[in-house]
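Chemist: Take a look at this one; I'll ask things after.
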Amino acid sequence: MYKRNDKITYIIVTWNNEKEIEECLSTIERYSPGYSKIIVVDNQSKDCTTQIINKKYHTVELIENSTNLGFAAANNLALEKVSTPYICYLNPDVILTEDIITPSIEILKKRNDVGIVSCKLKNRDGSDQRSYFNYTGMWRSLGAILHIGAIMPQGFRKKYFLNEYHAKTDFEPEWVIGAEMILRTEEAKKIGGFSEEYFMYTEDMDLCKKVNTILGKKIYYLANISLIHLGGASEAQNTSYRKQKKVMENEFMFVKKFYGLEEANRTMNNIKCAHVLRKILLRIGYWKKDREDQLEKTTETIRMLDEISTS
């Protein structure tokens, strides 16, 4: 029986998502237990996203921004309007395939030390999609770039190399991507929602870190409850170079914010050294068909890091 205090509000930010929004909203209606509310904040879409919502989903509260506020600010605009005990941050390019709400709320009820619950993300073909990671930092970033975790036992991967860890049971990662997150509304408001200094990218890692540092709570990953994430539907509208550079700039901002400027500079230098070493290893020991592509991407990344460090 769905209880009154289990009510939840989905918060969805759209930007040119006419191809994804119907499947997203329709599956929310199909799989949400009991009472739920949906708030969509549209960041000045140029396609038919808002027309589709207005025409087919009359119970959705739609906020149409006259400018693109960015992901964080748009989510916070909706958060101000939430009165239910729980919220679910959800990307418009997700498709529910089962009830993700009930098991997530059960965790939040049982575990007061948990601040965010996130479910497994899958690709449309059913394959797993990685959605949990370690925080950006000097040594862990180096390990991720050089794929050191690939040769480590599972126990080490789970703690230090989450980019190489394959979770089969529930566990507590450092952070999860923001395609789907469930929180207590009161706590989301207490930490100020998403940090608006990030226009796009890295704000999900920042949110998890604020849950850790401000609330003193953990992130919880449900390994056997899943949904489909089409992945990057809005992001694909940006060039890959622009996206990669913005991610790196935001990661520098993240480390500076939580660990200080000195640590941020060391982290970026370590990341650059890792890519230089990667380039050397590619030249002397990598002979697959994509060798030149990998070398070109690595060279481009080193150039980006130089640009960031001098800006």
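The values are calculated or read from the model by the stated rules, or taken from the named source; none is laboratory data. Source: prediction; values computed, not measured. Glycine gets a Cβ as well: all are built from the backbone with ideal geometry, and neighbour counts include every protein chain shown. Side chains included, ligands, DNA and RNA excluded: accessible areas come from the protein's heavy atoms. Shrake-Rupley method; radii C 1.70, N 1.55, O 1.52, S 1.80 Å.
Chemist: So which lysines can Lys158 reach, going by Cα to Cα under 20 Å and dropping same-chain residues fewer than 8 places off?
Modeler: Hits, sequence-local ones excluded: Lys120, Lys122, Lys168, Lys209, Lys217, Lys218.
Chemist: Still on this structure, please answer the following. Hey, what number do you get for the chain at 222 nm if only DSSP H runs of n ≥ 4 count, each worth -39500 (n - 2.57), divided across all residues, to the nearest 500?
Modeler: -13500 deg cm²/dmol
Chemist: Still on this structure, please answer the following. Give the residue from Ser26, Pro92, Gly155 lying farthest towards the positive end of the charge dipole for the chain; charges sit on Cβ (+1 for Lys and Arg, -1 for Asp and Glu) and the dipole is referred to the Cα centre.
Modeler: Farthest towards the positive end: Gly155.
Chemist: Cα-Cα over 30 Å: which of Lys46/Lys297; Lys37/Lys246; Lys256/Lys279; Lys189/Lys297?
Modeler: Details: Lys46/Lys297 32 Å; Lys37/Lys246 33 Å; Lys256/Lys279 27 Å; Lys189/Lys297 40 Å.
Flagged as over cut-off: Lys46/Lys297; Lys37/Lys246; Lys189/Lys297.
Chemist: Highest first, please rank the peptides 55-63, 30-38 by the mean number of other Cβ atoms sitting within 10 Å of their residues.
Modeler: 30-38, 55-63
Chemist: Karplus couplings for region 122-132 from phi (6.51 cos²θ - 1.76 cosθ + 1.60, θ = phi - 60°), rounded to Hz, Gly and Pro as x?
Modeler: 10, 7, 4, 7, x, 6, 6, 10, 5, 9, 10
Chemist: With a cut-off of 8 Å between alpha carbons and a minimum separation of six or more residues, what is the relative contact order of the chain in percent?
Modeler: It rounds to 20 percent for the chain.
Chemist: Over region 133-285, average the accessible area per residue using a 1.4 Å probe and give it in Å², no decimals.
Modeler: Ligands and nucleic acids excluded, the figure is 48 Å² per residue.
Chemist: Past the 32 Å Cα-Cα mark, which pairs from Lys55/Lys81; Lys19/Lys110; Lys19/Lys289?
Modeler: On the way: Lys55/Lys81 22 Å; Lys19/Lys110 38 Å; Lys19/Lys289 34 Å.
As for pairs spanning more than 32 Å Cα to Cα, those are Lys19/Lys110; Lys19/Lys289.
Chemist: Another question, if that's okay. By a straight-distance test (C-alpha under 14 Å), which aspartates and glutamates pair with Lys257 as possible cross-link partners, with residues fewer than eight away in the same chain excluded?
Modeler: Leaving aside aspartates and glutamates fewer than 8 places away in the same chain, those within reach of Lys257 are Glu196, Glu197, Glu203, Asp206, Glu249.
Chemist: Could you work out which residue, out of Trp139, Trp15, Trp175, moves most in a Gaussian network model of the chain, that is, has the largest mean-square fluctuation with Cα springs under 10 Å?
Modeler: Maximum fluctuation in the GNM of the chain, among the listed residues, is at Trp139.
Chemist: Sticking with this structure for a sec: Net charge near Lys37: determine it from the other residues with C-beta under 13 Å of the C-beta of Lys37, scoring Lys and Arg +1 and Asp and Glu -1.
Modeler: Numbers: positive: Lys7, Lys81; negative: Asp6, Glu29, Glu61.
Cβ neighbours under 13 Å give a net charge of -1.
Chemist: Amide H of Phe171 versus every other amide H placed in the peptide plane: which residues, excluding those fewer than 5 positions away on the same chain, fall under 5 Å?
Modeler: Distant-sequence amide H within range of Phe171: Tyr221, Ala223.
Chemist: Residue by residue through region 13-30, which ³J(HN,Hα) values in whole Hz follow from phi under the Karplus form 6.51 cos²θ - 1.76 cosθ + 1.60 (θ = phi - 60°), with glycine and proline marked x?
Modeler: 9, 10, 7, 6, 10, 4, 7, 10, 5, 5, 5, 4, 5, 5, 6, 4, 4, 6
Chemist: Next up: Apply the Karplus curve 6.51 cos²θ - 1.76 cosθ + 1.60, θ = phi - 60°, to the phi angles in region 173-183 and return the couplings in whole Hz, x for Gly and Pro.
Modeler: x, 6, 8, 10, 6, x, 5, 7, 9, 10, 9
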